[in-house]
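First the structure, in the form of structure tokens, and then the observations on it.
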Amino acid sequence: MDILLYLALTSSYRIANKATHVCPCGFYNHPDKECHCSPLLVQKYLSKISGPLLDRIDLHIEVTPVKFKDLSSEQKSETSMVIRNRVIEARRLQDIRFEGMADLHYNAQMSSNMVRKVCKIDKQGQALIKKAMDKLGLSARAYDRILKVARTIADLAGAEAISSAHLAEAIHYRSLDRNTWPT
């Protein structure tokens, strides 16, 4: 899922624009350049962002530079019109879902109680999110955010139910929640 698609579906952009890098030199996890920062320095640098603040951000995505061959590739991608139509359809689904609820228009606006009603997951999905919660040390707030993002991913796919694939993608977007990152 394209990150911009998700942003288009939220009433307010809940992505904190973190203008810093993960480490002082800026090359942590860079595909071509070596980071010379110690793991302790990287951890100290990253810890400047509090856990409660990270919990309030729906998507955490680590972005690495795009290689020239990928930039200059002639491979066709989706057109803006196709993406736009998918976003419009997902918004229509959300309009129907929240019809009659004056202050609720988007998945991102759901309360915890509403998340439990709207974001039903099957046993396989429950096992997946339980494993993520245990392994990544996720909070209850992160759990709700993952379910909201998974519901949005399902909406973009035109799916009535949240599948394990939607859930896995939503979990993947919580990279800064990883209790082992960076090490």
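Among the residues of region 121-147, those that are loosely packed, with under 13 Cβ neighbours inside 10 Å and either of a type in the set (Lys, Arg) or over 24 Å from ALA159 (Cα atoms) (or both) comprise LYS123, LYS130, LYS131, ASP134, LYS135, ALA140.
Restricting the first member to region 70-87 and to residues that are touching a residue at least 40 places away in the same chain (Cβ under 8 Å), and the second to residues that are surrounded by 10 or more Cβ atoms within 10 Å (Cβ to Cβ) and of a type in the set (A, V, I, L, M, F, W, C), the beta-carbon pairs closer than 6 Å and six or more apart or on different chains are ARG86/LEU156; VAL87/LEU5; VAL87/ALA8. Evaluation of TYR45 against the conditions (1) surrounded by fewer than 13 Cβ atoms within 10 Å (Cβ to Cβ); (2) of a type in the set (Phe, Trp, Tyr); (3) modelled with pLDDT under 80 shows that the sole unmet condition is (1).
The values are calculated or read from the model by the stated rules, or taken from the named source; none is laboratory data. All figures in this text were calculated on a predicted structure; none of them were measured in a lab. Methodologically, a virtual Cβ is constructed for each residue, glycine included, from the backbone with ideal geometry; neighbour enumeration extends over all protein chains shown.
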